[in-house]
1. Just add up the charged neighbours of residue 230: K/R +1, D/E -1, any other residue whose Cβ is under 15 Å from the Cβ of residue 230.
2. Return one whole number: the accessible area per residue of region 2-234 in Å², for a 1.4 Å probe.
3. For region 213-248 and region 116-175, what is the separation of their C-alpha centers, rounded to whole Å?
4. Based on a Kirkwood Rh over C-alpha pairs, give the Stokes-Einstein translational diffusion coefficient of region 86-201 at 10 °C and viscosity 1.306 mPa s in µm²/s.
5. Could you list, in their original order, any pairs among 27/201; 2/200; 27/200 whose Cα atoms are separated by more than 32 Å?
6. Can you give the convex hull volume of the alpha carbon atoms of region 75-139 per residue, in Å³?
7. Accessible area of residue 11, 1.4 Å probe, to the nearest 10 Å²?
8. For region 163-248, just list the percent of Cα-Cα distances falling in each 10 Å bin from zero outward, please.
Amino acid sequence: MKLICVSNEEEMSLEASRLIAALVRIKPDAVLGLATGSTPLGTYEELVRMHGEENLDFSRVRTVNLDEYIGLDGNHPQSYRAFMNGYLFDRVNISPANTFVPNGMAEDLERECLEYDQLLEQLNFTDLQLLGIGSNGHIAFNEPDDYFTAHCHCVDLTHETIEANRRFFAEGEDVPTRAITMGMRGIMSSRRLLLLASGKKKAEAVAAACFGPVSPRVPGSIIQLHHEVTVIADLDALSKTGLFEEAD
Ligand code: PGA
């Protein structure tokens, strides 16, 4: 594991965007695995800037997102499809047809999951998978459980995750309780994992995922088994790793 320690969220985003931009320049038809949530926002903003000011070209890039809420249409402002369109896809020269997000409104959700895994196979998986981490250790919506789930699947979100997501919804609005998520096979088959974390609320999850035992109770710990993983985290997010304790 390569650990890049940065001083704050802004630096995390700059480092992450540089890595992604370098990949896109070296491999213009790269397949990027993308994530939603507040963590990657600065990264996307910087990629948009690079597109506008430094000719970063997305015309041949394809993207596959990690997850989507069940029951939200892609036009719903809190859907992950709308998130990706608004923060990245509509602001760079990517072809909409090259962007993939699970369909949370699919009539047959099992089939949607199966087809999402087939899509990953067809794309030969991703060149880079961007990941955030939940404060409960989840990656994508792979929630803590007794086992890792390999395939794309429907999941009941934990109370902690639903409450964490509530901040994005209007007061009184129902927060989705279920989601479709890429499974561990899709994530771990990526050629490179890039996990980002910032802030004290992620400190326990980062310590457990990076340095604790590999366990489905901390789904993010599975990244320790990947041969090419980069973690970019700020000092707050690394504050429970024991890496920066002052010597007596
Ligand atoms: P966040 O979510 O980026 O909004 O903190 C990360 C996650 O839950 O995976």
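The values are calculated or read from the model by the stated rules, or taken from the named source; none is laboratory data. Note that this is a predicted model, so its numbers are computed, not measured. When we count neighbours, we look across all protein chains shown, and the Cβ atoms used for this are built from the backbone with ideal geometry, even at glycine. For accessibility, only protein heavy atoms count, side chains too; no ligands or nucleic acids. Shrake-Rupley method; radii C 1.70, N 1.55, O 1.52, S 1.80 Å.
1. Net of charged neighbours comes to -1.
2. 44
3. Here the two parts' Cα centres lie 19 Å apart.
4. 101
5. Working: 27/201 35 Å; 2/200 21 Å; 27/200 35 Å.
Going by Cα-Cα distance, 27/201; 27/200 fall outside the 32 Å limit.
6. Working: hull volume 8.8 nm³, N = 65.
Per-residue hull volume (Cα only) is 136 Å³.
7. Roughly 80 Å² of residue 11 is accessible to a 1.4 Å probe.
8. All Cα pairs considered, the percentages come to 15, 37, 33, 13, 2, 0.
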